[in-house]
């Protein structure tokens, strides 16, 4: 019975660990998807305003999709890597101080926990327990003194998630144009259909954003819809204006 119970507990912890790692990257997927859908639909709206053909919309859309998606993924990779490198730089400094200035660092631990309300013998026990292990000591100094926590997310995985999200979600506004072009179906109102598809995408992404940020679901949906609509209206207006100027 003990082994079975322990097995079930390990299984629960395993599921929780997988879910936590999924949540770590869900935020990046959401923000990559928002950027992908908004920027691609803005390209589609600008092309529609300029009354360009489906072939040109596809060319512009895919050029934007892959160029911007790659740029965003590089930015996400470098940002995550920079945070990790910055943490490790300060961590090395703390290890050096612990090794070369132990009394000063021990006093800092004492002051930190005094501020938390510890005093007397209990305070000294806490200080002794923390400083008896070098790694524990540095970890406490990183969290309590520098207010820094190591990010466990992989920079490469973050960049990949951003790129995949940008491409997959950003492709939705182009879907009807690709279908129209390759099937030669001469679908009318391509922009309207693309707008409907993208609106549903904004709703889904907005809901996921609210889940990630733990805010009101309707607020997340309306914010994302508003952002996408604003970008589309602006792009359509610019495309229409430029089409009148250059022709």
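We did not get these values from a lab; they are worked out from the coordinates using the rules stated. Fair warning: this is a prediction, and the values are worked out from it, not measured in the lab. Note that each Cβ is placed from the backbone with ideal geometry, even for glycine, and that neighbours are counted across all protein chains shown.
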Separation in nanometres of the label points that stand 7 Å from Cα toward Cβ, at residue 82 and residue 230: 2.5 nm
query: With a ≥ b ≥ c the root eigenvalues of the C-alpha gyration tensor of segment 22-111, is it rounded (a/c under 1.5), prolate (a/b larger than b/c) or oblate?
result: prolate
statement: Between residue 183 and residue 246, the FRET efficiency computed from the C-beta separation at R0 = 30 Å comes out, to the nearest 0.05, as 0.45
field: Global form of segment 158-231, assessed from the alpha-carbon gyration tensor, a/c cut-off 1.5
entry: oblate
statement: Note on the chain: contact order normalised by length, alpha-carbon pairs under 8 Å, 6 or more apart, percent, works out to 40 percent
field: Global geometry of the chain, whether rounded, prolate or oblate, following the gyration tensor of its Cα atoms and the 1.5 cut on a/c
entry: prolate
message: Among 210, 104, 47, which one shows the highest mean-square fluctuation when the chain is modelled as a Gaussian network with alpha-carbon springs under 10 Å?
response: 104
statement: Within the set 126, 44, 212, GNM on the chain using Cα springs under 10 Å gives the largest fluctuation to 126
query: Nearest 10 degrees, 0 to 90: what angle lies between the long axis of helix 120-131 and the longest principal axis of the chain (Cα atoms)?
result: 60 degrees
task: In a Gaussian network model over the chain where Cα atoms closer than 10 Å are linked, find which of 190, 68, 180 has the largest mean-square fluctuation.
output: 180
message: What whole-number distance in Å separates the alpha-carbon centres of segment 103-164 and segment 28-83?
response: 40 Å
query: Using Cα atoms only, what is the angle between the long axis of helix 54-100 and the major principal axis of the chain, expressed in degrees (0 to 90) to the nearest 10?
result: 10 degrees
task: Using 0.36 nm per residue of separation minus the Cα-Cα distance, give me the extension gain between residue 156 and residue 89 in nm, one decimal.
output: 22.1 nm
